[in-house]
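The values are calculated or read from the model by the stated rules, or taken from the named source; none is laboratory data. What you are looking at is a predicted structure, and each value in this text was computed from that prediction instead of being measured. Cβ placement follows ideal geometry from the backbone for every residue including glycine, while neighbour counts extend to all protein chains displayed.
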Number of protein chains: 2
Amino acid sequence: MIYNNMTSETPSTPADNADLIGFAKHDHASCVETGLATAQARCEAEGLRLTPVRRKVLEMLLQEHRALGAYAILDRLRDEGFGSQPPVAYRALDFLVENGFAHKIERLNAFVACAHPGGSHSPAFMICRKCDAVAEAYSAPAKGALGAAARAVGFEIERTVVEAEGICPDCIEKR
Amino acid sequence: MIYNNMTSETPSTPADNADLIGFAKHDHASCVETGLATAQARCEAEGLRLTPVRRKVLEMLLQEHRALGAYAILDRLRDEGFGSQPPVAYRALDFLVENGFAHKIERLNAFVACAHPGGSHSPAFMICRKCDAVAEAYSAPAKGALGAAARAVGFEIERTVVEAEGICPDCIEKR
DNA sequence: ACACCCTATGTGATTTTATAACGTCAGCAG
DNA sequence: CTGCTGACGTTATAAAATCACATAGGGTGT
């Protein structure tokens, strides 16, 4: 079960504009729109404030569907007339991450839009080291070897980082 | 199956000097010695050069048995009369990580000594957010939900980052 | 209307983490 | 000896993240 994607801005050929989800094609324009709509709805339901900066950052992440560094986001915010200092970007990202609209990819010090907002979840990522595509899958933190080890010693897991680095199907094909 | 530890330098009481491995007590002095000896043996066997800086950094990591930042290491290197600029520490760490003597904890931008050097492995970590103790367990990257997802879409995993953040048994007890 | 508070934003400065670029030196092969 | 290679040292700089403080808008209670 894969839930993510890739973008036309990867190092692959610019002509390669067919967007991919889970390393497979998908309708990208609608996925930005529905992503924003979903977020807006959840914010209204939960009393969260999806302010213009936050909304804009989420939109950027949804458009890219790849990990984007905080400073890349900041550059675009500046171009759009928002504040231009790091805290502007970091605060918006903090909000999005805390509320599950985005995730931080620790391995890259960068951020992606959440591919399946809604219920709380512990995501796992596949990161292509060739084209930077990032796909999001579900992970089962409490299961498997790590969960067993944690239970065995009495470690209480609160959050997991699961990131696989490798080559996406698209880049394998191109070799 | 847990293979790591904790140190007397945690935020716990300084009197609490009993070292822990896998959040359980263990003979710490011997574990530094055997760690160094094992590394030395492997380097000789494989034609790697365990130079003084590299050896010192490994020793520091083994002594701590917690994630240590590159600059913390650099400070100690300086105190020991080695070079005092960042590349000195980063190069030694790169060597140790590339050869499996140490691991980078992405979540903390910091480094730990490998708790079970020897064969290649894909480690998983448990990180206590109270006392910074880090325990290393084996992970099974190709198994579980992520491995299944990767196979399903044709993603080729080369390396995995698996880090669980939470509370270690020792800190749970202290609450 | 007003004072008050809370949250979000904007900005300058700084800290923390990491790399680039270049010179030197020791060991060793030819 | 010459030239190569790998490790180390240093200066400088880049990249990522946070601190500290000022301002502004939206509510609330009076």
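Is it true that some residue in region A:107-126 is within 11 Å of chain B (Cβ to nearest Cβ) and touching a Cys at 6+ places or on another chain (Cβ under 8 Å)? Explain how you work it out, then say what you get.
Going through region A:107-126, the residues within 11 Å of chain B (Cβ to nearest Cβ) turn out to be A:107-109, A:122-126.
Next cut, touching a Cys at 6+ places or on another chain (Cβ under 8 Å) only: A:123, A:126.
Checking region A:107-126: at least one residue is within 11 Å of chain B (Cβ to nearest Cβ) and touching a Cys at 6+ places or on another chain (Cβ under 8 Å).
Per-residue answers, yes or no, for (1) away from DNA strand D (no atom under 14 Å from the Cβ); (2) closer than 26 Å to A:ILE157 by Cα:
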site	(1), (2)
A:ARG76	no, no
A:PRO86	no, no
A:ALA92	no, no
A:ASN109	no, yes
A:GLY144	yes, yes
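Considering region A:84-103 alone, what residues qualify as being over 13 Å from the mean Cα position of the chain (by Cα) and more than 18 Å from A:ARG49 (Cα to Cα)?
A:SER84, A:GLN85, A:PRO86
So, in region B:45-68, how many residues would count as being in a helix (DSSP H, G or I) and on the phi > 0 side of the Ramachandran plot?
So the first thing to find is which residues in region B:45-68 are in a helix (DSSP H, G or I), and the list is B:45-46, B:52-64.
Right, trim to on the phi > 0 side of the Ramachandran plot and you get none.
So the answer is 0.
Among (1) more than 16 Å from DNA strand C (Cβ to nearest atom); (2) within 13 Å of chain A (Cβ to nearest Cβ); (3) farther than 27 Å from A:ASP132 by Cβ, where does B:VAL134 come up short?
Result: B:VAL134 fails condition (1) only.
Does B:GLY154 qualify as being at the interface with chain A (Cβ under 7 Å from one of its Cβ atoms) and either free of Cβ contacts under 8 Å to residues at least 60 places away in the same chain or farther than 27 Å from A:PHE23 by Cβ (or both)?
Details: at the interface with chain A (Cβ under 7 Å from one of its Cβ atoms): yes; either free of Cβ contacts under 8 Å to residues at least 60 places away in the same chain or farther than 27 Å from A:PHE23 by Cβ (or both): yes.
Spelling it out, B:GLY154 is indeed at the interface with chain A (Cβ under 7 Å from one of its Cβ atoms) and either free of Cβ contacts under 8 Å to residues at least 60 places away in the same chain or farther than 27 Å from A:PHE23 by Cβ (or both).
Quickly run through region A:115-141 and pick out the residues that are modelled with pLDDT of 85 or more and over 17 Å from A:ALA24 (Cα atoms). Explain how you work it out, then say what you get.
Looking only at region A:115-141, we keep the residues that are modelled with pLDDT of 85 or more, and these are A:115, A:122-137.
Within region A:115-141, A:SER122, A:PRO123, A:ALA124, A:ARG129 qualify.
Taking only pairs six or more apart or across chains, which ones have beta-carbon atoms under 8 Å, a first residue in region B:74-86 that is away from chain A (no Cβ under 14 Å) and under 15 Å from B:ALA110 (Cα atoms), and a second residue that is within 8 Å of DNA strand D (Cβ to nearest atom) and in a helix (DSSP H, G or I)?
So the pair list comes out as B:LEU74/B:PRO86; B:LEU74/B:VAL88.
Taking B:PHE95 as the residue in question, decide whether it is out of contact with any Ser or Thr (no Cβ under 9 Å at 6 or more places or on another chain) and not small (Gly, Ala, Ser).
Details: out of contact with any Ser or Thr (no Cβ under 9 Å at 6 or more places or on another chain): no; not small (Gly, Ala, Ser): yes.
No, not satisfied.
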